[in-house]
Structures are given as structure tokens and as C-alpha cells.
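Only one structure is covered here, and it is reproduced in the block below.
The values are calculated or read from the model by the stated rules, or taken from the named source; none is laboratory data. Keep in mind that what you see is a predicted model, and the values were worked out from it rather than measured. Counting neighbours? That spans all protein chains shown, and the Cβs are built from the backbone with ideal geometry, glycine included. Accessible surface areas use protein heavy atoms only, side chains included; no ligands, DNA or RNA. Shrake-Rupley method; radii C 1.70, N 1.55, O 1.52, S 1.80 Å.
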Amino acid sequence: MRYQLKGFGIPVDVIPLTDSGTVKVKPMLQWLKLRRTIEEASSSSLCGVAVECPLSSDVLFKSGSNSLSHPGNVMFRNLIETHFDEHNNTSSSGLKVAVSWRIVDEVLVTFNGRFLEWDKRGWWMVIEDRAQMRAKVATSLRDFKKQVKAVQNRQTLVNSTFEFERLDGRKQKRVKYDGDRTGCGSCM
């Protein structure tokens, strides 16, 4: 079949096939389901709910670490790191909320980004509720604080067992190797 398709000029390298030769249809079915949802949403004036492909300025929320390297998430982590000291050094919850709102506004206005959340059905959904956006930012600030504390704890914990080794002051006794495999000189 591949040979016949090549004869018609169809690039067979991009056809999603398994090793056994069956066509992978799950991504296509997922895309069709997404398109159907987007078209139904646009006809019912709910335009912009589902997102087919996130922009580079979008902040993605999905469990796991697949989206950590997304450019929007890198920008978001930089914003979290930039505002972390201000958020962490504030004891007032009102000021902490204000820092969270500032980060939300920077993503939305300055970077023209969106907050997207992965839907179980297989696509990205726009988070339209600003309170939910702020809650996601506050959670990210809290998680970053945990990471900073974990790094500080790792740096301050010193393995102090070396202090208790050989308290008698003697160095480890060296055994002379006489060539046999057992390590003792009496065996032959």
C-alpha cells in the first residue's frame, strides 16, 4: 500500500501508522470532535470556548509537565518569579491578592495572552472567569514558594555523618594485595 501511495506522490512518512500497519485514527477523531464542538459553540453564540491550538502567549494549565516548556508558561513562570518576593514579603492578604491580580493583568493585557485549561474531552478551554484566573495565579505562587523552600532545605541539610567516622583519629588500615583472588594470603 505504501508503495502504491508513493507512486501517486503522496508522502507516506507523515501517515500515522502503527508498526503493524494499521492507521491511527484517535487524533483524527479527537480533532473532528473538537471541530464539531467549536462549530456548535459558534452557532449558539458561545464563540471562543474551545481552543484548537494555543498561541505562544497563552498560559496552559494541564496536569503533568508536558506544557512546562510552552513559551506562554515560560513567560508566566518568569512573572511568578519576578513578583514572588513582593508576594512573599507581604503579610496582608489584600496585598497578596493585589499581586495576583497584577500578574493576571500582565498576562492578559501586556502579553495579550489567555489562560487555558486542558479539558478531559481532549482540547483546551479558555478560562473566562477572572476570579478563577486569579486563583490559578495564587496557586502558582504558592507552589513556587514550596519549590523555593525545598531548594533552601536541600542546601542547608549537610550530610554530617563524616564527622563521626574514625573518631579515634586513625586512618583506614590498608590491606596489601598479594595477587590471589580471595584477598587473604593464606589460601593457595
### Message
If I filter region 151-174 for residues that are more than 16 Å from Ile80 (Cβ to Cβ), assigned to a helix (DSSP H, G or I) and modelled with pLDDT of 90 or more, do I get at least one hit?
### Response
no
### Selection from region 109-120 of residues that are open to solvent by 40 Å² or more (accessible area, probe 1.4 Å) and without any contact (Cβ under 8 Å) to a residue 60 or more places away in the chain
Val109, Thr110, Phe111, Asn112, Glu117, Trp118, Lys120
### Query
List the pairs whose first member sits in region 121-133 and is charged (D, E, K, R), whose second member is in a strand (DSSP E or B), and whose Cβ atoms are under 9 Å apart, counting only residues at least 6 apart or on separate chains?
Arg121/Ala50; Glu128/Phe115
### Message
Checking Ser100 against (1) open to solvent by less than 30 Å² (accessible area, probe 1.4 Å); (2) outside any helix (DSSP H, G or I), only one condition comes out false. Which one?
### Response
(2)
### Task
Filter region 27-58 for residues that are in a loop (DSSP other than H, G, I, E, B), more than 23 Å from Ile103 (Cα to Cα) and modelled with pLDDT under 70 and give the result.
Ser44, Ser45, Leu46, Cys47
## Note on the structure
Flagged in region 103-118 as in a helix (DSSP H, G or I) and touching a Phe, Trp or Tyr at 6+ places or on another chain (Cβ under 9 Å), in numbering order, are Ile103, Val104, Val107, Leu108
